[in-house]
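Every read-out reported here was derived from the displayed coordinates using simple, explicitly stated rules and does not represent laboratory data. It should be emphasised that the depicted structure is a prediction, and the values quoted were computed from it without experimental measurement. For neighbour counting, all protein chains shown are included, and Cβ atoms are generated from backbone atoms with ideal geometry for every residue, glycine included.
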Amino acid sequence: MVAVLSMPGLVAVSHRAAAEMWGLVTGEARHVEVVATRWDRVPQTGVTIHESLDLVAADIKTLDGLPITNSARTVVDLGATSPWAVEGALETGIRRHLLTLKDVEAFVARVARRGRRGVGVIRPLLVARRKWDTVTESVLEDRFRETLHEAGLPEPQPQYTVRGHGGRFVCRADFAYPAERILIELDSEAHHMDRLTFRRDRSKQNSAVVLGWTVLRFTWWDLEEDPLRVTTQVQAALDALSRPKTRQPSATLSA
């Protein structure tokens, strides 16, 4: 509070300190970080001051009685001091509805200039995240099939229904290897982001596991960034679960 109130012009808690106040990152900052349009160059113990040419009133909110950079600016500024924390902060902000991709993209478009710190870190993350946002379930499933085919793995059954005792519907999985009792779920951004869907997916998964199914989950990120890990895990599950078993849980299955 003292650091902020003692400075002239526009001023706000910023960077890592702001990210922690918003809950975008965890931990405790070793010192306060403040952004200001100007300052008197007198050092303040335990305070890092960032002078900014692009700070405007719209970038500042009030949180716990303190002026603080809004969450979109905070994520971008974080790239200047803690670049390793930016991706996690962006995902947390989206998940907690503190910001949207459009918010961050609009801020970057406004402040981007040669040498503007933080922009170079956030830009590739926005490009990748926007690509994921546009992925539909059908595109994701096609990419998964292609990944398995290229690895020489058997094609699983799509849209597989699992039923429990008495024919009770348990769930429908994106793919399945019925003989090995493996279900595969593909998590797309469009259909697996909100809290209700997240809870329903986990409840569905638990019900399948109780019936003796192994459930594997993959995202677009997995298929794009590390397809070898995806195919290795599928192969490992097939190898482990294709071995003869002495006892099978009782369940009625249908495709």
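Just a few scattered comments:
- Residue order for Thr231, Thr62, fewest other beta carbons within 10 angstrom first, comes to Thr62, Thr231.
- Trypsin sites (Lys or Arg not before Pro) lying in DSSP loop within region 107-183, provided at most 10 other Cβ fall within 10 Å: Arg113, Arg114
- Seen through its C-alpha gyration tensor, with square-root eigenvalues sorted a ≥ b ≥ c, region 46-95 comes out oblate because a/c lies at 1.5 or above while a/b is not bigger than b/c.
- Contact order, relative form, for region 2-133: 23 percent (alpha carbon pairs under 8 Å, 6 or more residues apart, mean separation divided by residue count).
- Rounded if a/c under 1.5, otherwise prolate or oblate - region 2-133, Cα gyration tensor axes: prolate
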